[in-house]
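S.K.: Here it is: the structure, laid out below.
The values are calculated or read from the model by the stated rules, or taken from the named source; none is laboratory data. Quick caveat, the model's predicted, so the values are computed rather than measured. Here the Cβ is made from the backbone with ideal geometry for all residues, glycine too, and neighbour counts use every protein chain on show. Quick note on the areas: whole protein, heavy atoms, side chains included, nothing else; ligands and nucleic acids left out. Shrake-Rupley method; radii C 1.70, N 1.55, O 1.52, S 1.80 Å.
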Amino acid sequence: MAKITIGEWLRNCREESNISIDELAEGICTHQFLDDFESGLENCSLSFFCILLQRLGYSPDKLEYILPEQEYRNECLWGFFMVAVFQKKREWAERLFAQYTQALDQKKSSQKKKRKEKKSEKELRDISFKGAKKELWKRPPNLNSVGRMYLFRGRALIAYWVDNNLEEAEEYLKCALDSTFPGWKQKDWNRCLISLIELENALALARVWREQRGEKWNSGRNLLKRCGIYIQKKVKDKEEHAKIYSKYAWIAADVAMEQGEWEEAVFICLKAFAELRRFGIEYFAIPILNNLLTYYKKAKDRMEKTIPLSDLFAQFQQKNHHRISEIWITEKRCSNYHRILKDLHEKYLPKWYPENSIFWNCCQRMYHLDVEILFAERRAFHMTQEKLAEGIYRWVGEISRIENRKVSPSWKHFNLMMEKFGMNGEQRFFYINTDLSQALEWLRDIQVYASRHQYDGIKALLNYLEEELDMEVMENWRIVRFYHNVIAMYANNPPLEKILKEDLELLQQTWHIPLEAIGEQAKLEPKRMRGKKKNAKGKKYIYRAPLKIEALFLNQIATLLKMLGRAKEAKDLYEGVIHTIEKSRILPEFQFYSYSPLLGNMAKQKYSITDAETAIRTSLRCGNMENIGHYYLTIACAMLDDSSNRECCMQMMRDCYYLFELSDHQENMRTLRKYFKDKFNIEINQN
């Protein structure tokens, strides 16, 4: 099995699903462009790539992304724009929307062509509703359908959340759907390929029609039904299914309740909540729980005089046992989960943070900047700019221009430079290399088992991975060895020193600074790209933020160091790596899979309340609840040293127990239950 590119992997996924290029490209690009991308002759934007991946039923969150400066800036602009919308700051929202519009103008960002006429920022901000469709469709001429869709989506956000104008929101959402999914009005979507982004547009329109009521809601019901059928049949990735199904369920359950279908409403919400729990997704859990509590209360109010609520639930469970036996939660449990998550939101998230926006998503991706990686690796290899440019650029000054952020390297040149460092030059890549889509599902399940200390599950899936992957490819060998060492760590077989040695060797295949130098990183600052300083030669510069697989190894190495009694080295390692992440120009929330677990484990080792709170804040901001219980327990234990906090800490630990239960961390529940009993001489879960 040869090493494959991301384009080849995409082609294999498409052919495996028996999907033609024309079907995948419909509404978003030409047949030729997609063929060139799959053949490695073209590159595409991140937003465009995510739609392609979602149309095939896969998750963009399973990849890492190395972005050029402009593409990352676009991602940030969109994020800042959404925050301004939810804060209801119209002026800032309009200004950011105008900047995002300009950034999408490919002709404006080109270094070879300059626009003869530029619209002022005020003109862009003042695009009115009546002329919006006409203006956004015609300008700029080279803005693709995905770009137009995002502009209409942005306008819909302003209309709904800032102006409370349902008519405008409706029109913009229709335009957004027309941009990439012109067949959305069809009664049958069986032959359509729809991304989650496009499904969100459809669900948002159904929500708007429902709030408008009247005849429009008849169309809304049909649209909602089509969304539900497509989600159930076509969204193959289980994690992506959980995200989009919860948004669908939030509306569909209320519709079922309005029609008197109490059992169906409860089942829809229970199913959605079970899927969110399985993958540790926090975003949209609160509105689903809120719905369940409302339904329980309505049932109680209606039935209390004729039949006890407990009997009603018993009858419901017996009647629907085949559907809810594994997903049922009692009213008490539902209330506890809801209270705890609401408390965490109030403590650690800003007031503007949305709970039920269909367009807000859990951002659990790993981003890196191409310039940061290239500069860090060139310095780590003690390579001159002349040596790096050799065979790639005719003029050595091009490397200087790249490092000073004046230009971004083409994806072909970036790949060639990364090859000189022995690293993967793909700008969208997995940390395994395979054309088997099932392997990605196994890897995600292995990660879940590892977080829950379920080692038998890891062993079984590792056997499948080893049979199917080409183990001569470095990425594949490395990830399999990592999880073998996860199992071996807790069995102490082989000895911990041997595991540590192998981990260091595997890490250093791409992480090109020695272990003893990592602690120094906490004292260094990033290179200031512009301007020369005296005595710069030989100066130490901060290294780059770790890739996801590197973060896993660094975390395991720190754990091994602590287990071997080298706690000071473990602490230095954590602080050095965290510093590289926080000093990167990539925001920490866009480095979720390295920043959050490393910071949380450092907080545990240092008993640092501040670091644990930052880890909780980052996890909630990224819509993740997988490890919040760990971080919250760190705070409770650190506060327990002060006797005046005893009652507060006891309640926090009870909340941690439910957070572990919420994420199915059985081993942590047992450990905390024993600790609580020994410490306070009472049971933690009396109720």
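S.K.: How much net charge surrounds residue 522 when only the other residues with a Cβ under 11 Å from the Cβ of residue 522 are counted, with Lys and Arg +1 and Asp and Glu -1?
M.R.: It works out to a net charge of -2.
S.K.: Now for a different question. In the full protein assembly as shown, how much of residue 648 is accessible to a 1.4 Å probe, in Å² to the nearest 10?
M.R.: Solvent-accessible area, nearest 10 Å²: 70 Å².
S.K.: Aspartates and glutamates within cross-link reach of residue 571: Cα-Cα under 16 Å, excluding same-chain residues under 8 positions apart?
M.R.: Candidates past the 8-residue exclusion: 516, 520, 611.
S.K.: Just tell me which aspartates and glutamates come within less than 13 Å, Cα to Cα, of residue 298; anything on the same chain fewer than 8 places away is out.
M.R.: Correct list for residue 298: 254, 258, 261, 263, 331.
S.K.: Then there is this: Over the chain, with the other protein chains present, what is the accessible area per residue in square angstrom, probe 1.4 angstrom?
M.R.: On a per-residue basis, 45 Å².
S.K.: How large is the Kirkwood hydrodynamic radius of the chain, in angstrom, based on all distinct alpha carbon pairs?
M.R.: 27.2 Å
S.K.: Ok, one more. Distance between the C-alpha centers of the stretch 356-371 and the stretch 209-273? Whole Å please.
M.R.: That distance is 24 Å.
S.K.: Another question, then. What pairs from 271/351; 539/568; 216/243; 412/562; 62/679; 243/523 go past 31 Å between their alpha carbons?
M.R.: Pairs exceeding the cut-off: 412/562; 62/679; 243/523.
S.K.: At most 10 other Cβ atoms within 10 Å and a DSSP loop assignment: could you name the trypsin sites (Lys or Arg not before Pro) in the stretch 386-483 that fit?
M.R.: Listed in order of number, the matching sites are 394.
S.K.: How many angstrom separate the Cα center of the stretch 429-506 from the Cα center of the stretch 611-687?
M.R.: Taking the Cα centre of each part, the stretch 429-506 and the stretch 611-687 sit 29 Å apart.
S.K.: Taking a probe of 1.4 angstrom, what is the accessible area of residue 101 in Å², to the nearest 10?
M.R.: The accessible area of residue 101 comes to roughly 0 Å².
S.K.: When the solvent-accessible surface of protein heavy atoms is calculated with a 1.4 angstrom probe, in what order do 161, 395, 184 fall, highest first?
M.R.: Output order, biggest surface exposure first: 395, 161, 184.
S.K.: Compute the Cα gyration tensor for the stretch 1-107, then decide on rounded, prolate or oblate, letting a ≥ b ≥ c be the square roots of its eigenvalues: rounded whenever a/c is under 1.5, prolate when a/b is larger than b/c in the other cases, and oblate in all that remain.
M.R.: prolate
S.K.: How much of residue 250 can a 1.4 Å solvent probe reach, expressed as accessible area in Å² and rounded to 10?
M.R.: Roughly 40 Å² of residue 250 is accessible to a 1.4 Å probe.
S.K.: Could you order 675, 65 so the one with the most accessible surface comes first? Probe is 1.4 Å.
M.R.: Result of the area sort, largest leading: 675, 65.
S.K.: Please report, in debye to the nearest 20, how large the charge dipole of the chain is about its Cα centre when each Lys and Arg carries +1 at its beta carbon and each Asp and Glu carries -1 there.
M.R.: 2440 debye
S.K.: So for 163, 445, 105, what's the accessible-area order with a 1.4 Å probe, most first?
M.R.: The ranking, largest first, comes out as 163, 445, 105.
S.K.: How much of the accessible area of the stretch 646-687, probe 1.4 Å, is carbon plus sulfur, in whole percent?
M.R.: Answer for the stretch 646-687 is 45 percent, counting heavy atoms of protein chains only.
S.K.: Can you give me the % of accessible surface on the stretch 430-521 that is carbon or sulfur? Probe 1.4 Å, all protein chains present, nothing else counted.
M.R.: Carbon and sulfur: 49 percent of the exposed surface of the stretch 430-521.
S.K.: Let me ask something else about it. Would you compute, from DSSP H runs of 4+ residues alone, the mean residue ellipticity of the chain at 222 nm, taking -39500 (n - 2.57) per run and dividing by the full residue count, rounded to the nearest 500?
M.R.: Helix contribution divided over all residues of the chain: -20000 deg cm²/dmol.
S.K.: Restricting attention to the stretch 399-447, which chymotrypsin sites (Phe, Trp or Tyr not before Pro) occupy a DSSP loop and are surrounded by at most 16 other Cβ atoms within 10 Å?
M.R.: none
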